[in-house]
Every structure is written in C-alpha cells, then in structure tokens.
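Structure, as structure tokens:
The values are calculated or read from the model by the stated rules, or taken from the named source; none is laboratory data. Every value quoted in this text rests on a predicted model; they were computed, and no experiment measured them. Glycine also receives a Cβ, built like all others from the backbone with ideal geometry; neighbour counts cover every protein chain displayed. Heads up: the accessible areas ignore ligands, DNA and RNA and are worked out on the full protein's heavy atoms, side chains in. Shrake-Rupley method; radii C 1.70, N 1.55, O 1.52, S 1.80 Å.
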Amino acid sequence: AVHVKIMSSTRDILYPDGEWRNKDGRPTKQQIIKEWQRQNPAGKKADCIRQTGLAKHTVYKWWE
C-alpha cells in the first residue's frame, strides 16, 4: 500500500497536469486494420492477421 502511494505521488510530481493519461483511449480494432491497410495497399488478409496479431474473425469483420 505504501509503495502505491509513493509511486502515485512521484507520478503527480512528474506530471502535475495529468498529461500521463491517454485521453484518446485505446485504438479500436477497426482503426488498427484500416491503418494497416493504408500502409500495405496490396496486403492480404492473412498478412494483416500475422503482422497485427489480431484474430482472424476480427480482421474479416473490419476488412474493406
């Protein structure tokens, strides 16, 4: 419990305005796939699955 308090106070000293927080949130799987497609215009679904580590059904769901 003491360790958590020390780490929290250290974080607050280093980042007083809370800029350590990711206010945009985690990228959605759809965004990850769209970005991969943008970078690999001739890429195949199988390549996307291998390189992103996403599940096959997820890639098939969001593939355009």
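Protection proxy ranking, highest mean first, for peptides 41-50, 1-10: 41-50, 1-10, where packing is the per-residue count of other beta-carbon atoms within 10 Å, averaged. Here the sum of -39500 (n - 2.57) over DSSP H runs of 4 or more residues, divided by the residues of the chain, equals -17500 deg cm²/dmol at 222 nm, to the nearest 500.
Split the accessible area of the chain by element, probe 1.4 Å, and carbon with sulfur accounts for 54%.
In the complete set of protein chains, residue-level accessible area for Lys61 is approximately 140 Å², probe 1.4 angstrom. Shown for segment 3-60: lysine pairs separated by 8 or more places, or found on different chains, whose C-alpha atoms are under 22 Å apart, numbering 9. Just check the chain against the gyration tensor rule for me: Cα atoms, a ≥ b ≥ c as the square roots of the eigenvalues, rounded for a/c under 1.5, and otherwise prolate or oblate depending on whether a/b exceeds b/c. Verdict is prolate for the chain. Per residue, the chain exposes 86 Å² of solvent-accessible protein surface, assessed with a 1.4 angstrom probe and all protein chains in place.
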